[in-house]
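Worksheet: the structure to be examined is printed underneath.
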Amino acid sequence: MVVRASKQKESAAARRGWRIGLYSLFALGIAIYGVWFYNWHTHETQKLATLEQKLNQPPVYITLGDTRLHAPVFASSAASNVWYMTNKSHPIHPKNYTPHDLVAVPLPTQPQLTGEETHVRAVVARAIHRLDTAAKQANVPLIINSAYRSYSHQEQLITESSSSLYDTGTRTAPAGASEHQLGLAVDFSSDTAACRTSANCALQTNDATWLATHAHEYGFILRYPEHKETITGYEYEPWHYRYVGKSLASALYTSGLTLDEAWPELQRAEQELRKRGEL
Ligand SMILES: [Zn+2]
């Protein structure tokens, strides 16, 4: 009898032990789940608050004269950016930058141009095609007199040429500071028999006027305008057009500002977008 009572006591204690163990395990499970749920909920709430903050803040604007543009995410200072600005005091970085998307320009080119010299960046080629379609309708025949120039080609032009066209004064950019190296600039000439067969190329006044009036509609700016020599550092070049896209080209055309003058505002917008974590 004493043995049976002792065994009953032992099994009751074991059952109690199991019960306590199970309850403890259950409590631990609840606690772990509670911590996980708290962390998950906090994280989700933070995500939602960040999204709301982004949605509720006003867009970053770029103000050029009377024109106000929404700053796009490509307002960045990388050389591959179509808004990138280079001039004598702001050389291209890195100096031997080469675009990775060069394609043949969709226009006749002057015969002395060969290989990559007949190329521009893909986005520029598309815009040139649209511009040329409109130019033809307006009886403005165009040919490309210069397109992409690598750093070494620009250097070679300057060192080997005896022509004053390639001095590095106010006519030709030094190597590492030419918009032609960006693959975003072209020099237009009027398409004549002489230009198709020799270096005897020029841009007729009528054709220059049409370009100056309409190029911005296709995303191009007259990069070195008359009376802006002290700002751009270059003489008036009615043939040199630079692609920046339609919105900026139109804003610069309307405001009469050069890319050099717009650059500080473009950089300010970039910094603001970076601060917001949008770049
Ligand atoms: Zn040029």
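The values are calculated or read from the model by the stated rules, or taken from the named source; none is laboratory data. These numbers were taken from a predicted model, which means no experiment stands behind them. Please note: Cβ atoms are built from the backbone with ideal geometry, for glycine as well, and neighbour counts cover all protein chains shown. Areas reflect the complete protein model, heavy atoms only, side chains present, ligands, DNA and RNA absent. Shrake-Rupley method; radii C 1.70, N 1.55, O 1.52, S 1.80 Å.
Give me the distance between the Cα centres of segment 15-54 and segment 75-145, rounded to whole Å.
Between the Cα centre of segment 15-54 and that of segment 75-145, the gap is 59 Å.
Projecting each Cα onto the charge dipole of segment 61-275 (Lys/Arg +1, Asp/Glu -1 at the beta carbon, about the Cα centre), which of His100, Trp239, Gln181 comes out farthest on the positive side?
With unit charges placed on the Cβ atoms, the residue in question is His100.
Anything over 30 Å Cα to Cα? Flag those among Lys136/Lys246; Lys54/Lys228; Lys54/Lys95; Lys47/Lys95; Lys95/Lys228, in the order listed.
Lys54/Lys228; Lys54/Lys95; Lys47/Lys95
Kindly write out, for segment 135-144 in residue order, the coupling ³J(HN,Hα) from the Karplus curve 6.51 cos²θ - 1.76 cosθ + 1.60 (θ = phi - 60°), rounded to whole Hz, with x marking Gly and Pro.
Residue by residue, segment 135-144 yields 4, 4, 4, 9, 6, 10, x, 10, 9, 8 Hz.
Counting only C-alpha contacts under 8 Å and six or more residues apart, can you give the relative contact order of segment 61-275 as a whole percent?
25 percent
As a test of the formula, what do you get for the chain when each DSSP H run with n ≥ 4 contributes -39,500 (n - 2.57) and the sum is divided by the residue count, at 222 nm and rounded to the nearest 500 deg cm²/dmol?
So the helix-based figure for the chain works out to -15000 deg cm²/dmol.
Could you tell me the distance between the Cα centroids of segment 216-279 and segment 188-202, to the nearest Å?
Answer, in whole Å: 29.
Through the Karplus equation 6.51 cos²θ - 1.76 cosθ + 1.60, θ set to phi - 60°, convert the phi angles of segment 226-232 into ³J(HN,Hα) values in whole Hz; use x for Gly and Pro.
5, 6, 10, 4, 6, 8, 7
Rounded to the nearest 10 Å², what accessible area does Glu117 have for a 1.4 Å probe in the complete protein model?
40 Å²
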